[in-house]
Structure formats: structure tokens, C-alpha cells
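Q: Quick one: the structure is below, and I'll ask about it shortly.
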Amino acid sequence: MAKTFFITTAIDYTNAAPHIGHAYEKILSDVIARYHRMKGEEVFFLTGVDQHGQKVQQSAEKQGLAPAEFAAGVTEKFIALWTKLGLSHDAWAATTEPLHKDVVRKILQSLYDAGEIYKASYSGFYSVRQEQFLTDKERGEDGEFGPEWGEVVEITEENYYFRLAKHRDWLLSYIDAHPGYVTPAFRQAELRNAVERLSGDLCISRPKARLEWGIELPFDPGYVTYVWFDALVNYISFGGYWNGAEPHNAEFDSRWPALHVIGKDILVPAHGVYWPIILHAAGFTDAEIPPLLVHGYINIGGAKMSKSLGNIVDPAILSEKYGPGALRYYLMREAATGQDMEFSEDRLVIRYNTDLANDLGNLLNRTLNMAKRYRASVVKKPADNAEWLAEIKAVVELYTAKMDGYLTHAALEAAFGLAAKCNAYIETQAPWKLAKDPAQADQLDAVLYNLAEALRVLSILISPVLPEAAAGMAAQLNIPAGLTLADVATPLADGHVLGAPTPLFPRIEIPAAE
Ligand code: MSP
């Protein structure tokens, strides 16, 4: 079986509605997935929702709903948003699915049987209000637990622990031997430091008296499993890892390992420590440890988004207001992958008007109009335009190098550089002057052909980020929709008839300030 490009996103908590940070991660992953499809690869793109856990149980309680009902309602919001934003995922990971729960339990049982999970008792300070154990980190300067924790009691609790510390040295040696494990590289260094400080095992159970909304441990019905153990397993359960009698099968092995796209807050410890160690303990080889692409945060007003700050930007409203393409393009063009970005609605509008409406939209419109006016929309292949084609090829090479490194902002910069080049070419060639001089007829043909050919390639390059606009461009250029990178090598045929121009990116009019 040919190797499939498997890409996953973090699965979003269903304790609250989706926000722009969730949308950014999903769009980034969608763009990478679409790019790999366009390279001719088989792609399996998985995203979904994290429906269990204490946060969901608490949010449900506040609304007087059963956790399942509450999680289902929030899940609907995510699905509606992803549909609106044009996500092209191949599978949907909802952790309340019976198949997923079954795989989580099978893995827990096999780790338990292998002696990787043990029972122990723990005594500590417990916040009744926050429903969590507190450590010295939670103590204030006076050494006391602050009022935010409510009543704090000392309790002893029996729980199940996963032998994390035992695999610390393996993880360090794995990281050292695989410099490309985490992208960007500075995050790998950060992870390595954290692993060096690792001590202690991971508590993977919660007594049902404290938390009911989870997957019951197969070896003790008095407990559910910790939500992170449940959530991480989605990557393999929905990848088809254990959907028959035995783990592993040809289909799963043709996909795995996936590229995991996650935010910087969930690298340490969940994805960079717990997950590789869980997989290693479950018998996955070093070659089967999934690489991590760690993106930055979308911030608002210099602050991390929080409900209490009231600075949550609703991606559904933005998409309604400006269209999904405007939002997708803005996020992919302005966020440098791996870095944080300050969200600005003004920048979104500026990017749309400058790059999409002016640079690309007008270019398409002017080209089609001139071809129609001067040549009845028929383009003639020039005798020698090797130099122009070589320049296009260089842009495509730069674009692919950037996309292969997940740098969507730099790839788009390269693509829009080609649009800028075409606009400058129109100014220097002045086709309206060439049209007046019969001796320049061949030159006019060459200019129109070169512009149409560049637009054809641009429609391919923008397609992962702007699939709808790419299809619109293809229709206007009268070329098949869904061309791939391989089609870059086959320029427009001599005598190709271009289609009729219609505005692709109508300008967003900004109401004058009052
Ligand atoms: N449910 C866990 C992930 C489990 S994965 C096995 C979780 N959920 S989350 O809803 O809090 O976050 C989902 C993803 O969105 C994470 O990758 C997180 O980093 C990302 N983001 C959350 N807020 C973000 C921003 N403000 N900006 C960019 N991404 C952010 O963690």
C-alpha cells in the first residue's frame, strides 16, 4: 500500500464554543492537507472534538444539562464552523464514539497487563471547589492556598499510575537522535529541557466519585481514565489502529505516523512527553513516533484570549461578515507558522483588499478584459517565452519549499510575488499601447499569453488556502478545476480560449469613521 500523508489537529475541548485560535489551527492543517493532495499524495486528514473530562462535566452542570447533551451541543457548533470554513477532513474524531472508547480501553488493559500501569495511594491537598489536587505551585506568597481554591482539605486517594519516569531516558535518546521531531526547532530544545526535569509517573485515573464523564477503566469500574489519556489516543483509534481483533493492520500502518499539528501550550507535557511514552510503552517503534508541528498563539489585545477578558473573537461571525476565504487568507498570510500573532480585524480587511481584491483580482480582471477586447479571448503561444516560464517555475519552487516546511505565510508571499510581477509587467508592456501598433501584434500576443499562463499557475498555488477562489479563477480562465502541482509543467495550449471576467474578490468597503 502506498504511504498516505496522515495529518491530525488537536481535538478541541467541548466545554465552550470555538474561537479564532481553534480556527487558525484547523485552517493551517487544512491548508497542509490540501497542499499534499495537490502534490498528488494520498491524504488522510483527521480532526475532531475532545468531549470528556472535568471541564465539560462542570460546564454541563452549570447549564443544568447532562454532559453528553452539553458536549453534543458544543460539537454541533464546531461542525457548523468547520463546514463554513471549508475544512476538508477525511474523518471526524469525537471521543464519545464507541469505537474510540473501545480502543482506549484495549490500550489501558494491555498497558496494565504489561505492568506499565499500577495502583498507588496519594495524599495531598484537594480543592473541593476546583475539584483538583493542589501542589506547592498553587500556594500564595504567604504559603497558603488562596481563596480562589475554596475549601482545601487533605485527602488520601487511591489511583492508577502510568510508568512515565521509567521511559525518560528512552525519550531523551529519541529526541537527540531525531532533530526533526518537533518543528520549529526551538520547541524541540524546549521539550528536551522539560524531559530532563521529568520525575514521577502519570496519574491516569479519576475516581468516579469525583468525575463520571469519562471512559471507565477496563480493570476497575470505580474509575474513569484521565481525559488526556483518552484524548491522545484519538489519533490512533480514528486512524484505524485497532478496529479488528488485533492492533495494527495494513491500512493503519500505511498512514502512521501522523503529523500532529498542535498549539504551543500542549507540547509539554501532553504531546511531547506523555504521548511518545504511551506509544513507546504500547510497542510502537522509534520510526512510529509521530512528528509534531507546534504553532503559536493568536492573541487579542496583546493578551491570551480568555472568557473573563471578554476578548474572544468569533470566527463564525468573521466568516459571515467577510467570507471564509478572507479569514483563511488572512490567518495563513499573516501568522508566521510557529510564532504568535496579534489578531486584527483591520489587518484582515487590509490584506483582503490589497492582496486579493487589488493584486490578484484586478490582475485577473484586467487580463481577461484585455484578451477579450484585443484578441476575442484567444491566447497564442509565443515562439519564445522560456524566460517567463522559468521565472514562474522559480516561484513554484520557492512556494513548494516553503509549503513543505509548513510556512504558509512565506509560500503565499512567493505566490503573490508572482502576481506583483505580472502587475508590473502590465505597466511596463502597456498592452493598450501595443494594441494600437500593428507591428507589435506578436508582442501583444506574448504579453497576454504570459499573463494568462501566470494566472493559471496562480490558481493552482492559491488553491490550498483559497479553494473556492481557485475554482472561480479556473472557471474564468476556462481551464479544468482541481489542477495539481504536476500540471504546472503543462502551459496553456496555443489557441486557448479564455472565459469571461467577473469580479472574484469584490472590495470590502470600510465604512467611514464617524
Ligand atoms: N482538548 C485538548 C487537546 C487534546 S489533543 C489530543 C485542548 N483543547 S483546546 O480546545 O484547549 O485547544 C485545542 C487547540 O487549539 C490546541 O492545539 C491549542 O493550542 C489551540 N489553541 C487554543 N487557543 C489558541 C489560540 N489563542 N491561538 C492558537 N491556537 C490556540 O487543548
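The values are calculated or read from the model by the stated rules, or taken from the named source; none is laboratory data. A quick note: this is a predicted structure, and the numbers were derived from the prediction, not measured. Every residue, glycine as well, gets a Cβ built from its backbone with ideal geometry; the counts of neighbours run over all protein chains shown. These area figures cover heavy atoms from the full protein model, side chains too; ligands, DNA and RNA do not enter into them. Shrake-Rupley method; radii C 1.70, N 1.55, O 1.52, S 1.80 Å.
Q: Tell me, yes or no, whether the range 240-260 has at least one residue that is touching a helix residue (DSSP H, G or I) at 6+ places or on another chain (Cβ under 7 Å) and under 24 Å from Asn15 (Cα atoms).
A: Of the residues in the range 240-260, the ones touching a helix residue (DSSP H, G or I) at 6+ places or on another chain (Cβ under 7 Å) are 240-243, 256-258, 260.
Next cut, under 24 Å from Asn15 (Cα atoms) only: 260.
The answer is yes; a qualifying residue exists.
Q: Can you tell me which residue in the range 1-33 is most open to solvent (accessible area, probe 1.4 Å), limited to those that are within 25 Å of Gly214 (Cβ to Cβ) and of a type in the set (Ser, Thr, Tyr)?
A: The selected residue is Tyr13.
Q: Scan the range 149-156 and tell me whether some residue there is part of a strand (DSSP E or B) and among the acidic types (Asp, Glu). Talk me through it step by step, then tell me what you get.
A: Residues of the range 149-156 part of a strand (DSSP E or B): 152-156.
From what's left, among the acidic types (Asp, Glu): 154.
Yes, that holds for at least one residue.
Q: Which of the residues spanning the range 184-205 are surrounded by 14 or more Cβ atoms within 10 Å (Cβ to Cβ) and among the charged types (D, E, K, R)?
A: Result: Arg187, Glu190, Arg192, Asp201.
Q: Among the listed residues Ala231, Ala189, Ala258, identify the single one that is more than 16 Å from the ligand (Cβ to nearest atom) and of a type in the set (Gly, Ala, Ser). If you could, list the steps in order and put the result at the bottom.
A: Details: Ala231 fails: more than 16 Å from the ligand (Cβ to nearest atom); Ala258 fails: more than 16 Å from the ligand (Cβ to nearest atom).
Only one candidate passes the filter, namely Ala189.
Q: Would you point out the residue of the range 34-67, among those that are of a type outside the set (Ser, Thr, Tyr), in contact (Cβ under 8 Å) with a residue 60 or more places away in the chain and open to solvent by less than 20 Å² (accessible area, probe 1.4 Å), that is farthest from Lys3 (Cα to Cα)?
A: Top of the filtered list is Ala60.
Q: Right, here's the next one. Can you tell me how many residues in the range 4-49 are acidic (Asp, Glu), within 17 Å of Leu293 (Cβ to Cβ) and more than 11 Å from the ligand (Cβ to nearest atom)?
A: The qualifying residues number 2.
Q: Which helices (runs of 4 or more DSSP H) sit wholly inside the range 184-303 and have at least 1 residues that are under 21 Å from Ile107 (Cβ atoms) and not polar (S, T, N, Q)?
A: Values: elements: 185-196, 227-232, 234-237, 250-255, 275-281.
Helices (runs of 4 or more DSSP H) meeting the threshold: 227-232, 234-237, 250-255, 275-281.
Q: Additional query: Tell me which residues, restricted to the range 265-301, are aliphatic (A, V, I, L, M), within 9 Å of the ligand (Cβ to nearest atom), modelled with pLDDT of 95 or more and open to solvent by 10 Å² or more (accessible area, probe 1.4 Å).
A: Once the filter is applied, which keeps residues that are aliphatic (A, V, I, L, M), within 9 Å of the ligand (Cβ to nearest atom), modelled with pLDDT of 95 or more and open to solvent by 10 Å² or more (accessible area, probe 1.4 Å), the range 265-301 yields only Ile266.
Q: Here are some conditions: (1) in a helix (DSSP H, G or I); (2) of a type outside the set (Asp, Glu); (3) open to solvent by 50 Å² or more (accessible area, probe 1.4 Å); (4) within 16 Å of the ligand (Cβ to nearest atom). Leu99 meets all but one. Which one does it not meet?
A: Only one criterion in (1) in a helix (DSSP H, G or I); (2) of a type outside the set (Asp, Glu); (3) open to solvent by 50 Å² or more (accessible area, probe 1.4 Å); (4) within 16 Å of the ligand (Cβ to nearest atom) is unmet by Leu99, namely (4).
Q: When you look at Ala470, is it modelled with pLDDT of 95 or more, surrounded by fewer than 20 Cβ atoms within 10 Å (Cβ to Cβ) and part of a helix (DSSP H, G or I), yes or no? Before you say what the answer is, go through the steps one by one.
A: Details: modelled with pLDDT of 95 or more: yes; surrounded by fewer than 20 Cβ atoms within 10 Å (Cβ to Cβ): no; part of a helix (DSSP H, G or I): yes.
Answer is no for this residue.
Q: Is there a residue being open to solvent by 40 Å² or more (accessible area, probe 1.4 Å) and of a type in the set (A, V, I, L, M, F, W, C) anywhere in the range 358-380? Before you say what the answer is, go through the steps one by one.
A: To start, the set of residues in the range 358-380 that are open to solvent by 40 Å² or more (accessible area, probe 1.4 Å) comprises 358-359, 362, 365-366, 369, 372-376, 378, 380.
Still in the list and also of a type in the set (A, V, I, L, M, F, W, C): 376, 378.
Looking through the range 358-380, at least one residue is open to solvent by 40 Å² or more (accessible area, probe 1.4 Å) and of a type in the set (A, V, I, L, M, F, W, C).
Q: Follow-up. Go through the residues of the range 381-389 one by one and say whether even a single one is part of a helix (DSSP H, G or I) and not hydrophobic (A, V, I, L, M, F, W, C).
A: yes
Q: While we're on this one: Name the residue that is modelled with the highest pLDDT, counting only residues in the range 132-144 that are touching a helix residue (DSSP H, G or I) at 6+ places or on another chain (Cβ under 9 Å) and open to solvent by 40 Å² or more (accessible area, probe 1.4 Å).
A: Filtering first and then ranking leaves Glu138.
Q: Quick check on my filter: what residues within the range 162-183 are open to solvent by 30 Å² or more (accessible area, probe 1.4 Å), among the hydroxyl-bearing types (Ser, Thr, Tyr) and either in a strand (DSSP E or B) or closer than 30 Å to Ala335 by Cβ (or both)?
A: Across the range 162-183, the qualifying residue is only Thr183.
Q: Ok, one more. Any idea which of Ala165, Ala177, Ala189 is more than 16 Å from Ser121 (Cα to Cα), small (Gly, Ala, Ser) and free of Cβ contacts under 8 Å to residues at least 12 places away in the same chain? Lay out the reasoning, then the answer.
A: Values: Ala165 fails: free of Cβ contacts under 8 Å to residues at least 12 places away in the same chain; Ala177 fails: free of Cβ contacts under 8 Å to residues at least 12 places away in the same chain.
Of the residues listed, the single one that is more than 16 Å from Ser121 (Cα to Cα), small (Gly, Ala, Ser) and free of Cβ contacts under 8 Å to residues at least 12 places away in the same chain is Ala189.
Q: Which one is farthest from Gly301 (Cα to Cα) among residues in the range 321-350 that are in a helix (DSSP H, G or I) and free of Cβ contacts under 8 Å to residues at least 24 places away in the same chain? Walk me through it before giving the result.
A: Initial filter on the range 321-350 (in a helix (DSSP H, G or I)): 321-322, 324-334, 345-350.
Narrowing further to those that are free of Cβ contacts under 8 Å to residues at least 24 places away in the same chain: 321, 330, 346-347, 350.
On the way: Lys321: 21, Tyr330: 17, Asp346: 13, Arg347: 13, Ile350: 18 Å.
It comes out as Lys321.
Q: In addition: Of the residues that make up the range 399-420, is at least one buried (at least 19 other Cβ atoms within 10 Å of the Cβ), of a type in the set (D, E, K, R) and part of a helix (DSSP H, G or I)?
A: yes
Q: Output the residues belonging to the range 50-60 that are more than 10 Å from the ligand (Cβ to nearest atom) and in a strand (DSSP E or B).
A: Selection gives nothing.
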